[in-house]
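So the structure is just underneath, and the comments pick up after that.
The values are calculated or read from the model by the stated rules, or taken from the named source; none is laboratory data. In this text, all values refer to a predicted model and were calculated from it rather than measured experimentally. For neighbour counting, all protein chains shown are included, and Cβ atoms are generated from backbone atoms with ideal geometry for every residue, glycine included.
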Amino acid sequence: MGRKGRDWGPSVRYRKYAVLVSVLLISLLFLSLGTRGGGTGKPGELLAFFITPLQAALSKIQSSAFGAWSAYLDWKNARRENQALREELERLRIQSLQVEDTQRENLRLRRLLALRDRLPLSTLAGEVIAKEWGGWVRSVTVNRGRSDGIGRLTPAIVPEGLLGRVVEVRARAAVIQLLNDPSSAVAVMVQRTRTAGVAEGEPGGAVRLKFMARDGGGAQVGDLIVTSGLGGVFPKGLPVGRVIAVEDKGSALFHYARLHPVADFARVEEVLLLTGQTGADLLPHFSLELLEPGA
Amino acid sequence: MRVSLALMLLGGGLAQTSVAPALRIGAVAPDIPLILTVLLGLKRGPEVGCLSGFAVGLLQDVAAGGFVGAQALTKALVGFVAGLIGERLLVGNPLVQVPGLVLLTLAEGLGRYWLLQLLHFPAAFGEVMLHVVLPQALYNGFLGAAGVLALSVLEAHRSGSLWR
């Protein structure tokens, strides 16, 4: 403290005791006055007159400061809670998407498995690992290849019907030419009238029914087109698509029609590769519900 | 200097009825004017300690609506004793100041209880000590330590020696 050793004079030395005694006497006087009057007494009232406004002001400042602090804490808590809820929401959203995805995959695989069980020929399921969707080539690559016994021209189907055929076989993969590939041509017939024709892909991505003989029933909008089995590549009765427009060119030898393919080429993820042979009509093995437009 | 001292005492005295309740832990609130009195007494000597204690005690008496003069008397005594200790011992170290604050709070509690007994204060000694004086003494020690630390940091910052 540094006061030790200072030369305190006698007056200074005794002054502190004088101060103490004075203060104690004043205090006792206050106490005495207060107890006699039964309350804080006149000195108290006088002091209270001065300090009450100060107390009120201080209390106001304090309550404002604590109010601001409390508001800040509330805001901070709300922000933290908001952040936690956002994260929770994000997590649940991802979880929900994963569940939806799994459910869709489950449904697709169930359909594929059901079809596989119904078909009277050997098949091999494959997973799409790549897609080529340019105007020149439309194909998908599956994870089945030479090592799985897959050969060129093996038909590939989905639960709704025909997808295409294998055009290139690698050791562990196969490239499937889709029905709407510009160089794809499949021998088909109108299921209702049995009128034969050829389904060809177009550069725009559509599938067209060509070379349909004018005599016979021809085709109407909504008719189901299935493989005819001619040519020996595709078994008979694989659904190909539905007629959405008939183009009658009058004097031309053949009818033409535009088809809506039963397979959704853009969203295909699993396929069945038909490794066996059969002469039977396969149409009864497909679920008619799936062949309905928009199914 | 005197003006700032007066403002400090006024603020400290009034803080007891406005700020201290907000700082309470359970039922225990610190005695801010007492902390101020002890620290001033230790630093400035018995005169300042005594007068400071009297002033803040009087403010507390009036503000709290008790016996006017009771706290003025006990706090004046505590301030005086703190000043005497400051003159005779080296109390610059917070490790001395803080336990000193706790002990002087206990002493003030004892003194106040004795004084109020003369005025027929009804509460039992054991209960007052256990539930009021002792917890408040510990809280004062804790708050005093924080105050001393804050002051030393402030002083070091002022002298520019904090980071040297």
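A few notes on this one:
- If you go through segment B:79-122 and keep only what is loosely packed, with under 13 Cβ neighbours inside 10 Å, more than 14 Å from every other protein chain (Cβ to nearest Cβ) and more than 20 Å from B:A146 (Cβ to Cβ), you end up with just B:P122.
- Only one of the listed residues (B:S161, B:S152) is at pLDDT below 85 and assigned to a helix (DSSP H, G or I). That residue is B:S152.
- Residues in segment A:28-72 that are at pLDDT 75 or above and more than 10 Å from chain B (Cβ to nearest Cβ) were compared, and the one that is farthest from the chain's Cα centre (by Cα) is A:P53.
- Among the candidates A:W8, A:W75, the residue that is outside any helix (DSSP H, G or I), more than 7 Å from every other protein chain (Cβ to nearest Cβ) and either modelled with pLDDT of 75 or more or surrounded by 10 or more Cβ atoms within 10 Å (Cβ to Cβ) (or both) is uniquely A:W8.
- Among the conditions (1) touching a helix residue (DSSP H, G or I) at 6+ places or on another chain (Cβ under 9 Å); (2) surrounded by 18 or more Cβ atoms within 10 Å (Cβ to Cβ), A:V243 misses just one, which is (1).
- Of the set (1) surrounded by fewer than 24 Cβ atoms within 10 Å (Cβ to Cβ); (2) touching a residue at least 60 places away in the same chain (Cβ under 8 Å), all apply to B:A22 but (2).
- The set of residues from segment A:248-280 being modelled with pLDDT of 80 or more and of a type in the set (D, E, K, R) comprises A:R258, A:D264, A:R267, A:E269, A:E270.
- Residue satisfying condition, being modelled with pLDDT of 75 or more and within 11 Å of another protein chain (Cβ to nearest Cβ), within set B:A70, B:A20, B:A29: B:A70
- Any hit, segment A:12-19, residues being at pLDDT 85 or above and farther than 30 Å from B:N93 by Cβ: yes
- Which listed residue is assigned to a loop (DSSP other than H, G, I, E, B) and closer than 27 Å to A:D117 by Cβ, from A:P182, A:P203, A:P235: A:P235
- Test result for B:A63, surrounded by fewer than 18 Cβ atoms within 10 Å (Cβ to Cβ), of a type in the set (A, V, I, L, M) and modelled with pLDDT under 85: no
- Taken as a whole, the condition of being touching a residue at least 60 places away in the same chain (Cβ under 8 Å) and hydrophobic (A, V, I, L, M, F, W, C) applies to A:I176.
- Looking across segment A:163-179 at every residue that is of a type in the set (G, A, S) and not in a strand (DSSP E or B), the one that is farthest from A:E202 (Cα to Cα) is identified as A:A171.
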